[in-house]
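**Student:** The structure that follows is given in the form of structure tokens.
The values are calculated or read from the model by the stated rules, or taken from the named source; none is laboratory data. Just so it is clear, the model here is predicted, and its values are computed rather than measured. Because the Cβ atoms are built from the backbone with ideal geometry, glycine has one as well, and the counts that use them run over all protein chains shown. Remember, those area values only see protein heavy atoms, side chains included, never the ligands or the DNA or RNA. Shrake-Rupley method; radii C 1.70, N 1.55, O 1.52, S 1.80 Å.
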Amino acid sequence: MWIETRGQGPDVVLLHGWAMNSTVWNSIADALAQDYCVHLVDLPGHGASPAEVALSLPAMVAAVDAAFPWPVQVIGWSLGGAVAAAWAMSQPQKVKSLSLIASSPCFMQQADWASAMPATVLAQFAEQLQQDWQGTLKRFISLQAMGDASARAVTKELLADLFKHGEPSLTALSEGLAILRDTDLRAQISQIDCPVLLQYGDRDTLTPVAVAHWLASQLSDVTLTIHQGAAHAPFLSHRDAFLATQLAFLAKN
């Protein structure tokens, strides 16, 4: 698995979202690396990390866990947040703190869970991947930035990062999308017993802000920050506020 390490100090692991790679963190990694040993991970099947087995949430957790046999603080964005949350539940002695950025315990709408992507949208993405995977990824990035006060700049930055570590395989993209479709951690999320930071945007259409409030109600040691005017990538659109919140949280844990 591809991992880049910057800085020195307590260990912080950064996990990116579906179809992306660790370069999405470049805008904040150097700032974090002034005080921390920052590990930027390409998740299996993404960027420069090949998928050695069929992708699943447990397989991703196992790969990340094997790469870090010592306690760490973890920051996970979107799908990376689900990996981070599942890791914290399976290896509580390893995850000292958990930061969830625009992530969800359940990314697809259910009968009792409206704050998520409609099943039809995920099905359309799965179908369109087979026909035009590059165009589909670009449309997904547009959805991530939709509604953001800095939507154009966020879209431009995410598009620039998309293939910096190589083109993803269609199989890995399809399997990753299936993880988004099938993941549902709601029943066990309260098992997380480390300190948790939630950073979300109030204009996020993929992970609506209601998810953040629900998570805050389920977790025992939680700090919630809602970035006004941000969509799905507050670490890009609201970098300074995001960093200030993140650094304060890491310093306490």
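**Student:** So in the stretch 115-138, with the set limited to residues that are without any contact (Cβ under 8 Å) to a residue 60 or more places away in the chain and loosely packed, with under 13 Cβ neighbours inside 10 Å, which one is nearest to P208 (Cα to Cα)? Outline the logic, then answer.
**Tutor:** To start, the set of residues in the stretch 115-138 that are without any contact (Cβ under 8 Å) to a residue 60 or more places away in the chain comprises 118, 120-136, 138.
Those left that are additionally loosely packed, with under 13 Cβ neighbours inside 10 Å: 118, 120, 127, 130-132, 134-135.
Values: P118: 12, T120: 17, E127: 24, Q130: 27, Q131: 28, D132: 27, Q134: 25, G135: 24 Å.
Top of the filtered list is P118.
**Student:** Scan the stretch 181-190 and tell me whether some residue there is farther than 20 Å from M117 by Cα and in contact (Cβ under 8 Å) with a residue 24 or more places away in the chain.
**Tutor:** Step one: list which residues in the stretch 181-190 are farther than 20 Å from M117 by Cα, which gives 188, 190.
In the following step, the residues that additionally are in contact (Cβ under 8 Å) with a residue 24 or more places away in the chain were identified as 188, 190.
Scanning the stretch 181-190, I find at least one residue that is farther than 20 Å from M117 by Cα and in contact (Cβ under 8 Å) with a residue 24 or more places away in the chain, so the answer is yes.
**Student:** When only residues in the stretch 138-170 that are of a type in the set (D, E) and either outside any helix (DSSP H, G or I) or out of contact with any Leu (no Cβ under 7 Å at 6 or more places or on another chain) (or both) count, which is farthest from H46 (Cα to Cα)? Break it down into steps so the answer makes sense when it comes.
**Tutor:** In the first step, residues of the stretch 138-170 are kept if they are of a type in the set (D, E); the result is 148, 157, 161, 167.
Okay, now just the ones that are also either outside any helix (DSSP H, G or I) or out of contact with any Leu (no Cβ under 7 Å at 6 or more places or on another chain) (or both), so 148, 161, 167.
Details: D148: 25, D161: 12, E167: 8 Å.
So the residue we want is D148.
**Student:** In the stretch 73-93, which residues are surrounded by fewer than 20 Cβ atoms within 10 Å (Cβ to Cβ), touching an Asp or Glu at 6+ places or on another chain (Cβ under 7 Å) and farther than 17 Å from V222 by Cβ? Break it down stepwise before answering.
**Tutor:** Looking only at the stretch 73-93, we keep the residues that are surrounded by fewer than 20 Cβ atoms within 10 Å (Cβ to Cβ), and these are 89-93.
Still in the list and also touching an Asp or Glu at 6+ places or on another chain (Cβ under 7 Å): 91-92.
Passing the criteria: only Q91.
**Student:** Name the single residue, out of those in the stretch 18-32 being part of a helix (DSSP H, G or I) and aliphatic (A, V, I, L, M), that is surrounded by the fewest Cβ atoms within 10 Å (Cβ to Cβ). Walk me through how you get there before you give the answer.
**Tutor:** Residues of the stretch 18-32 that are part of a helix (DSSP H, G or I), as a first pass: 22-32.
Going one step further and asking which of them are aliphatic (A, V, I, L, M), we end up with 24, 28-29, 31-32.
Numbers: V24: 26, I28: 20, A29: 20, A31: 18, L32: 22.
Step by step, filter the stretch 18-32, then rank; the result is A31.
**Student:** Filter the stretch 180-215 for residues that are part of a helix (DSSP H, G or I) and either open to solvent by less than 10 Å² (accessible area, probe 1.4 Å) or in contact with an Asp or Glu (Cβ under 8 Å, 6 or more places away or on another chain) (or both) and give the result. Working first, answer last.
**Tutor:** First, pick out the residues of the stretch 180-215 that are part of a helix (DSSP H, G or I): 180-182, 189-191, 209-215.
Within the stretch 180-215, L180, I189, V209, V211, A212, L215 qualify.
**Student:** Among the residues in the stretch 222-238, are any open to solvent by less than 30 Å² (accessible area, probe 1.4 Å), closer than 21 Å to V72 by Cα, of a type outside the set (F, W, Y) and in contact (Cβ under 8 Å) with a residue 12 or more places away in the chain?
**Tutor:** no
**Student:** Return the pair list, or none, for Cβ contacts closer than 6 Å from residues in the stretch 1-22 that are of a type outside the set (A, V, I, L, M, F, W, C) to residues that are open to solvent by 60 Å² or more (accessible area, probe 1.4 Å), at least 6 apart or on different chains.
**Tutor:** Listed by first residue and then by second, the contacts come to G9/D35.
**Student:** Suppose we keep only residues that are open to solvent by less than 20 Å² (accessible area, probe 1.4 Å) and aliphatic (A, V, I, L, M) within the stretch 34-54. Which one would you say is farthest from H165 (Cα to Cα)?
**Tutor:** So the residue we want is V38.
**Student:** Determine which member of the set L100, L43, L122, L55 is assigned to a loop (DSSP other than H, G, I, E, B) and in contact with a strand residue (DSSP E or B) (Cβ under 8 Å, 6 or more places away or on another chain).
**Tutor:** Values: L100 fails: assigned to a loop (DSSP other than H, G, I, E, B); L122 fails: assigned to a loop (DSSP other than H, G, I, E, B); L55 fails: in contact with a strand residue (DSSP E or B) (Cβ under 8 Å, 6 or more places away or on another chain).
None of the others qualify; the one that does is L43.
**Student:** For the stretch 100-114, which residues satisfy the criterion of being in contact with a Lys or Arg (Cβ under 7 Å, 6 or more places away or on another chain) and open to solvent by 30 Å² or more (accessible area, probe 1.4 Å)?
**Tutor:** Passing the criteria: only M108.
**Student:** Tell me, which residue of the stretch 60-72 that is part of a helix (DSSP H, G or I) and more than 22 Å from V24 (Cα to Cα) is least open to solvent (accessible area, probe 1.4 Å)?
**Tutor:** Top of the filtered list is A62.
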